[in-house]
Amino acid sequence: MSKTPLLDLVHIPADLKQFRQRQLRQLADELRTETIEAVSVTGGHLGAGLGVVELTLALHYVFDAPRDKIVWDVGHQTYPHKILTGRRGRIRTLRQGGGISGFTKRAESEYDAFGAAHSSTSISSALGMAVARDLRGEDNHVVAVIGDGAMSAGMAYEAMNNAGSRHTRLIVILNDNDMSIAPPVGAMSAYLAKRLSGRKYLTLRQTAKQITHKISERLERTARKAEEFTRGMATGGTLFEELGFYYVGPIDGHNLDHLIPVLENVRNAKQGPILLHVVTQKGKGYPPAEAAEDKYHGVNKFDVITGMQKKSAPNAPQYTKVFAQSLISEAQKDDKIVAITAAMPSGTGLDLFARAFPGRCFDVGIAEQHGVTFAAGLACEGYKPFAAIYSTFLQRAYDQVVHDVAIQRLPVRFAIDRAGLVGADGPTHAGSFDIGYLGNLPNFVVMAAADEAELMHMVATAASIDDRPCAFRFPRGEGTGVALPDAGVPLAIGKGRLLREGNRAAILNFGARLSEVMEAAKVLEPYGHRISVADARFCKPLDTNLIARLAREHEILITIEEGAMGGFGAQVLHFLATGGYLDRGLTVRPLCLPDRFQDQETPEKMYAEAGLDATHIAATVLALLGAGIPHAEILRA
């Protein structure tokens, strides 16, 4: 076989049609190498993409995108897909400012049929596309690719149930990369998959159905059960059959000689929804990833030869680790404390808690809705559940937060990680909305940690609250380097702290922008302005005494938060307006995230763009004071 680089000849998926099937092995190897080299430069998700190289290649070889719709679940495994769909020249801008997204994004390419960075949406969106196709009277194909982890979410089964009951022509590919469903696969399963997805078998099956239907309903039911039982014994997949899908598999997802003919059979089938079960290996083809415990799920920049990741020495402990250690400390004193994660044990730090208390930590899978109501049930029985969920993922369980927790005033504690902007993962993972969507709920306590020491105190505070739900939010990454106490101490509920006294202007901070606020205060001193700085600690209940004092003693009050419009600043403004403080000449400026979704960048640049760094905060104060000092001068200072 020629070793001339074949990938150089591929600019769009249609270019794959020029190759013979025997050339695809070389192309897969080149695609894998290109993916590894690109991610070594940018960092990002690697293991999942390496696991679907052959599947990606086979899908684009067999189907005709973008006319045929290929919908990827989550999207973090689509780097090979991006390379094949006209974005190879930009692949080393992955997750960088001004570069391409780390997930599928409709605005980025016509080959990204659906934008996805959260799990378990592919079957629902693909079904919508398939129904739209049928309404238009067209005949293109719609394929959803979903991982076995994503299949732990109820939404996937809701979609399958709907698709099965409609008998809509739809292809779902179950990418089983943890062997959590499939038995070992080999030649026999590949042979059965090919035969059972072939036109002869499907035609015979459909003919038999028509005959038994005409004879009697009872015979039809008996024949259907017999066939499902026989195929279930041979291949598995009975659950999917019960949901109305025709199950094919399992087959080896790295064997192109198995994949392509089965995909062609499935493509040519004229019947309703089909599920093709493909078994793959995360990190496939890159030894450091194959050997790693997490299969290089998410990596920093790394050396391709050694696999060593390039990590800078930490200046301060990670917020997530501080949370985990604080929770362990509280759990050592109180055996009623339990912890819940939705398939993110390491991301939330609960892997550390699980090692200390294996019987008191529960991973519910990608099922935030269930996780929240599960926590509510634990709270009903006198336990103290801490549900550690990223801000962006907690959105998926909002009805449960309202109906199952808040209305019943159950003391579930929400540890909200990744609050605020998160950098390279972009708008899909930003924790922008939790202040607003929790702060408007009755019976809730909502806190935000200004630094890692405050986080320790808020974990202790949450552990002490037993009459209502509460939440405390903290950002991704390193803390500020403050000295940590020996142990967290419960805070007085709804009480902030005044950190710095000034005269004309005051800043009321909520959350981890406090260090930038204090830096802004220092920047302003050479200009003759000493400002007051307070840390609210609580969005709900508000420290109305502190806010009233700031309003009485200052001409200008600025609120700061790492959240969207309608959050902490709105709560403060409501109090000031109803209390008549705005009628007395007080100038109020809420500073929050802009009313748009910010694309990926470094967190520092994103916060500067949002006007929430020290320079922009200082410039806002000076503008309100009428100082007329140019922004550039403040930047130099």
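Looking at segment 282-293, I want the residues that are assigned by TED's automatic domain parsing to the domain that holds residue 52 and have a partner that is of a type in the set (A, V, I, L, M) and assigned to a loop (DSSP other than H, G, I, E, B) with Cβ atoms under 7 Å, at least 6 apart or on another chain. Which pairs are those?
283/292; 289/46
In segment 379-409, what residues are part of a strand (DSSP E or B) and more than 18 Å from the chain's Cα centre (by Cα)? Before the answer, list the steps.
At the first step, the residues of segment 379-409 found to be part of a strand (DSSP E or B) are 384-390.
Those that are part of a strand (DSSP E or B) and more than 18 Å from the chain's Cα centre (by Cα): 384, 385, 386.
How do the pairs read when you match residues in segment 506-533 that are touching a residue at least 24 places away in the same chain (Cβ under 8 Å) with residues anywhere that are of a type in the set (Phe, Trp, Tyr) and assigned to a helix (DSSP H, G or I), using Cβ under 6 Å and keeping only pairs 6 or more apart or on different chains?
Within 6 Å, the pairs are 510/568.
One residue is enough: does segment 237-246 have a residue meeting the conditions assigned to a loop (DSSP other than H, G, I, E, B), at pLDDT 60 or above, of a type in the set (A, V, I, L, M, F, W, C) and over 30 Å from residue 23 (Cα atoms)? Before the answer, list the steps.
First pass over segment 237-246, keeping only residues assigned to a loop (DSSP other than H, G, I, E, B): 237, 243-245.
With the extra rule that they be at pLDDT 60 or above, the set shrinks to 237, 243-245.
Adding the requirement that they be of a type in the set (A, V, I, L, M, F, W, C) leaves 243, 245.
Checking which are over 30 Å from residue 23 (Cα atoms) leaves us with 243, 245.
Yes: one or more hits.
Name every residue in segment 359-378 that is in a loop (DSSP other than H, G, I, E, B) and either over 16 Å from the mean Cα position of the chain (by Cα) or not assigned by TED's automatic domain parsing to the domain that holds residue 435 (or both), in order of residue number.
Residues of segment 359-378 that are in a loop (DSSP other than H, G, I, E, B), as a first pass: 364-367.
Within segment 359-378, no residue meets the criteria.
Within segment 597-606, which residues are part of a helix (DSSP H, G or I) and of a type outside the set (A, V, I, L, M)?
The first filter runs over segment 597-606 and keeps only residues part of a helix (DSSP H, G or I), leaving 603-606.
Residues satisfying the conditions are 603, 604, 605.
Being among the small types (Gly, Ala, Ser) and buried (at least 24 other Cβ atoms within 10 Å of the Cβ) is the filter here, so list the residues in segment 48-66 that pass it. Full working, then the answer.
So in segment 48-66, the residues among the small types (Gly, Ala, Ser) come out as 48-49, 51, 58, 65.
Of everything in segment 48-66, those that are among the small types (Gly, Ala, Ser) and buried (at least 24 other Cβ atoms within 10 Å of the Cβ) turn out to be 48, 49, 51, 58.
Would you point out which residue out of 46, 16, 50, 7 is of a type in the set (A, V, I, L, M), in contact with an Asp or Glu (Cβ under 6 Å, 6 or more places away or on another chain) and in contact (Cβ under 8 Å) with a residue 60 or more places away in the chain?
Values: 46 fails: in contact with an Asp or Glu (Cβ under 6 Å, 6 or more places away or on another chain); 16 fails: in contact with an Asp or Glu (Cβ under 6 Å, 6 or more places away or on another chain); 50 fails: in contact with an Asp or Glu (Cβ under 6 Å, 6 or more places away or on another chain).
Selected residue: 7, the only one of 46, 16, 50, 7 that is of a type in the set (A, V, I, L, M), in contact with an Asp or Glu (Cβ under 6 Å, 6 or more places away or on another chain) and in contact (Cβ under 8 Å) with a residue 60 or more places away in the chain.
Tally up the residues in segment 338-355 that are part of a helix (DSSP H, G or I) and surrounded by fewer than 24 Cβ atoms within 10 Å (Cβ to Cβ), please. Let's see the steps before the verdict.
Step one: filter segment 338-355 for residues part of a helix (DSSP H, G or I), giving 350-355.
Next, only the ones that are surrounded by fewer than 24 Cβ atoms within 10 Å (Cβ to Cβ) stay: 351-352, 354-355.
Summing the residues that are part of a helix (DSSP H, G or I) and surrounded by fewer than 24 Cβ atoms within 10 Å (Cβ to Cβ) in segment 338-355 gives 4.
For residues in segment 19-39 being aliphatic (A, V, I, L, M) and either touching a Phe, Trp or Tyr at 6+ places or on another chain (Cβ under 9 Å) or not in a helix (DSSP H, G or I) (or both), which is surrounded by the most Cβ atoms within 10 Å (Cβ to Cβ)? If you could, list the steps in order and put the result at the bottom.
Of segment 19-39, the ones aliphatic (A, V, I, L, M) are 24, 27-28, 31, 36, 38-39.
Now drop any that are not either touching a Phe, Trp or Tyr at 6+ places or on another chain (Cβ under 9 Å) or not in a helix (DSSP H, G or I) (or both), which leaves 24, 27, 36, 38-39.
Details: 24: 21, 27: 22, 36: 21, 38: 22, 39: 30.
My answer is 39.
Is it the case, given these coordinates, that residue 266 is part of a strand (DSSP E or B) and over 27 Å from the mean Cα position of the chain (by Cα)? Before you say what the answer is, go through the steps one by one.
Working: part of a strand (DSSP E or B): no; over 27 Å from the mean Cα position of the chain (by Cα): yes.
No.
Every residue, every condition in (1) modelled with pLDDT under 95; (2) farther than 28 Å from residue 151 by Cβ, yes or no:
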{"residue": "34", "(1), (2)": "no, yes"}
{"residue": "37", "(1), (2)": "no, yes"}
{"residue": "54", "(1), (2)": "no, no"}
{"residue": "70", "(1), (2)": "no, no"}
{"residue": "76", "(1), (2)": "yes, no"}
{"residue": "86", "(1), (2)": "no, yes"}
{"residue": "91", "(1), (2)": "no, yes"}
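The values are calculated or read from the model by the stated rules, or taken from the named source; none is laboratory data. Please read these numbers as outputs of a predicted model, since none were measured by experiment. Neighbour counts are summed over all protein chains in view; Cβ atoms, including those assigned to glycine, are modelled from backbone coordinates with ideal geometry.
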